[in-house]
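The values are calculated or read from the model by the stated rules, or taken from the named source; none is laboratory data. On a predicted model such as this, the values are computed, not experimentally measured, just so you know. Reconstructed Cβ throughout: ideal geometry from the backbone, glycine too, with neighbour counts over all protein chains shown. With ligands, DNA and RNA removed, areas are computed over all heavy atoms of the protein, side chains included. Shrake-Rupley method; radii C 1.70, N 1.55, O 1.52, S 1.80 Å.
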Amino acid sequence: MPSATDPPAALPLTLDLDDFKGDFSFDALFGTLVDELLPEFRGDDAPGAPPPPPPVLGAAPPVFPAVDELLGLFKHSCKELVDLRRQIDKRLQNLKKEVATQDAKHRKTLGELEKGVDGLFDSFARLDSRISSVGQTAAKIGDHLQSAESQRETASQTIDLIKYLMEFNSTPGDLMELSPLFSDDSRVAEAASIAQKLRSFAEEDVGRHGVPSAVGSANASRGLEVAVANLQEYCNELENRLLARFDTASQRREMSTMAECAKILSQFNRGTSAMQHYVATRPMFIDVDIMSIDIQVVLGEEGPQADHICIAEGLSVLYKEIADTVRREATTIMAVFPSPNEVMSILVQRVLEQRVTAILDKLLIKPSLANLPPIEEGGLLHYLRVLAVAYDKTKELAKELQSISCGDLDIEGLTESIFVSHKDEYTEFEQASLRQQYQSKMAELRAEAKQQSESTGTIGRSNGAAVTTSLQQQISVTVVTEFVRWNEEAISRCTLLFSQPATVAANVRSIFACLLDQVSQYLTEGLDHARESLNHAATQRDRYVIGTSVSRRVATAAANAAEAAAAAGESSFRSFMIAVQRCASSVAILQQYFSNTISRLLLPVDGAHPSACEDMGSAVSVVEAAAHKGLLQCIDTVMSEVERLLSSEQKATDYRTPDDGAAPDHRPTNACIRIVAYLSRVLEVAFSALEGLNKQSFLTELGNRLHKGLLNHWQKFTFSPSGGLRLKRDITEYGEFVRSFNAPSIDEKFELLGIMANVFIVAPESLASLFEGTPSIRKDALRFIQLRDDYKTAKIASMLNSHGSRKVCLIWIDS
């Protein structure tokens, strides 16, 4: 191994350019350099390597023995690396020069290529333009050739048509010398096409020349007219022949032959005659027995007496059969005719206009409004119900037919036109029907009342006659509910027959107005009948009012009659309250019906709903006015009985000190007990019958009348201190009763009455200061003070006047 002191040239070359190619690893290069100098650092021990020399005793082992060799090796390697780098730099410089030279050549070549490509593109553009020009020229030539061919074919066809036209331009009616084309059954389609072209040409020429003036023109026109006549005759003959073949094939169900004939016939009037012929020959249009069968199916076993339910079932069955028939015909039409939608349009129109209309004409016989049909036979209601059923079922049939196929036919408009005469007068018939039902119901109620009267034997002039009449004529909520049901049925018919919101709203208002009239009239008449019993009771009371100078027997008889009149009045009161209660229930039913049914139909139209609300308010106000009159009469009846009880039961000694020295009675007087008991009994029905403001107004008015009546009654008596206590007891009893009225103003009045009763209890000298805190009742209190039994003996008037003068003086001094 060379030493570190050896010159670098003496060392072997250990590096080469190939060492740096590929996947270069510095660790591998380094290991290669030092592998021979440091074998002990190899990854694996080489076989046969000599072991390291043993250490010399007494000598320090070297730290790194091969350091000098490694340094020399590294220096030599660095020198070689520098040489290698120089070689590489030199080679790079040479490569750069070669690349620059090649790049210049390449750029020059690219420039020349670009010039060549530009010239090539120019050549391609000129070639493309030339090709386009040649193509356009070829297309024009093709168009000219095609046009020439078309003209040639047209000329050829025209020559043939002229030849055929000359054949037809013979003696009128002479068609025997025509070309075989027009008599060959296998070429019927071609013959029909040519005949139609000839006829169109001839008719156009005749129409263009009009009436000729010159001789030559006249001859030409006559020739064409002869041709037109002969062509028309031939076309008619051909069409008839085809229709005959079509009918024969139809009977045999030969669809292909039918389709062939229909296709040829489509050249004649666009096939209209063939379509109409096919539809007209359907059995349902030519069989005379079908009409009678249809009516039997609709009316069923009941015949002319069938109701609308049976008719509805019959129409459903019949219309289903019609729809099935049309569906079968549609299958044939789709397979046979080139324009099936047009045929279906004709068929469906014929079904509706002929078969359906014939059935409806038998069912819907419009009655006369001047001579209504009897209610026993159904009246106008039967006609209206049948109309609604027929309209509904016919609309369903129209929808079914439309789902099958009806072409461009306006089936909805056609259906509406069938019923237009009935719908135009519908509102008048509906209103007349509602009036007829109302009159029938009223007659029925009167008949029931008469029968009830005869069965109970109450007809006569007895005291209970008016009461019985009132009971028979009582208002029934069930009857009003029946009125509403009639109207609801009429509204349902209206919404079925009409769809436009404005029309529906107008008709609904008219129909609802009938209900308002019926309810208003029925309730008002019922209240008037109930008032008649109140009037009769009042007449009885007035009849038995007698003077004071009569015999005891007469007085007893008058008292008994007065008791009977009072009983009649109480019964009439109860009857009227029940009538009012039923009126309120009936009006509530009416308002609920308006809210649930009528409002939603009127709201879409401006002004319809407010107007209907005004109409209903007017109708209800009429009922309220009648009820108000009756309620005032009820108050008169109650107060009359109160006054009778006060007059008969109140004794002059009730409010005086007993003459026998007995202890004063602090219980309510007999008159007070009787009156409170009477009011409690008679007003029980009023508390349950009246509600809301009606109840409040009635009880307030009754309370005011009772307060006023008691004041006037007590003005007839004189009171001792013990009598004043008993009066106060009566006032307390009355006050506790009227507290059930829930009327604060009435409670206050009776409380003030209790305060005023103190004028009979306190000592005379205390009277002046008794009402200083309540000046509002001072005037009435002064009148009460005059009823004291010691008013004159105690000189209470002068005492009050003296106190009043002193008070005035004090007021003047204070001022």
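What the table shows:
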| read-out | value |
| --- | --- |
| Estimated inter-spin distance, residue 564 and residue 370, nm [label 7 Å along Cα→Cβ] | 5.5 nm |
| Given charges at beta-carbon only (K, R positive; D, E negative), |dipole| of region 70-169 in Debye | 1480 debye |
| Protection proxy ranking of 722-729, 641-648 - average other beta-carbon atoms within 10 Å, highest first | 722-729, 641-648 |
| Extended-chain gain in nm, criterion 0.36 nm per residue less alpha-carbon gap, residue 639 and residue 396 | 80.8 nm |
| Long-range amide H partners of residue 788 with built H, under 5 Å | 719 |
| Net dipole in debye of region 469-649 [+1 Lys, Arg Cβ; -1 Asp, Glu Cβ; about Cα centre; nearest 20] | 300 debye |
| At R0 = 51 Å, FRET efficiency that the Cβ-Cβ distance of residue 122 and residue 85 yields, to 0.05 | 0.40 |
| By accessible area with a 1.4 Å probe, ligands and nucleic acids excluded, highest first: order of 563, 684 | 684, 563 |
| Shape box of region 70-169 [Cα atoms, principal axes, largest first, Å] | 134, 31, 7 |
| Cα-centred dipole magnitude for region 282-432, charges only on beta-carbon of K, R (+1) and D, E (-1), debye, nearest 20 | 360 debye |
| Where labels lie 7 Å past Cα in the beta-carbon direction, separation of residue 327 and residue 403 in nm | 0.9 nm |
| Given 651/792; 366/441; 651/749; 393/423; 441/629; 366/423, the pairs whose alpha carbons are separated by over 19 Å | 651/792; 366/441; 651/749; 441/629 |
| Nearest-10 value in Å² for the accessible area of residue 264, using the 1.4 Å probe | 10 Å² |
| Paramagnetic reach from residue 21 (point 7 Å along Cα→Cβ, amide N under 20 Å) across region 89-118 | 89-96 |
| Nearest-0.05 FRET efficiency for residue 670 and residue 786, computed from C-beta distance (R0 35 Å) | 0.85 |
| Principal axis dimensions, largest first and in whole angstrom, of region 282-432 by Cα | 55, 32, 22 |
| Sorted peptide list for 566-579, 397-410, criterion being average Cβ within 10 angstrom, highest first | 566-579, 397-410 |
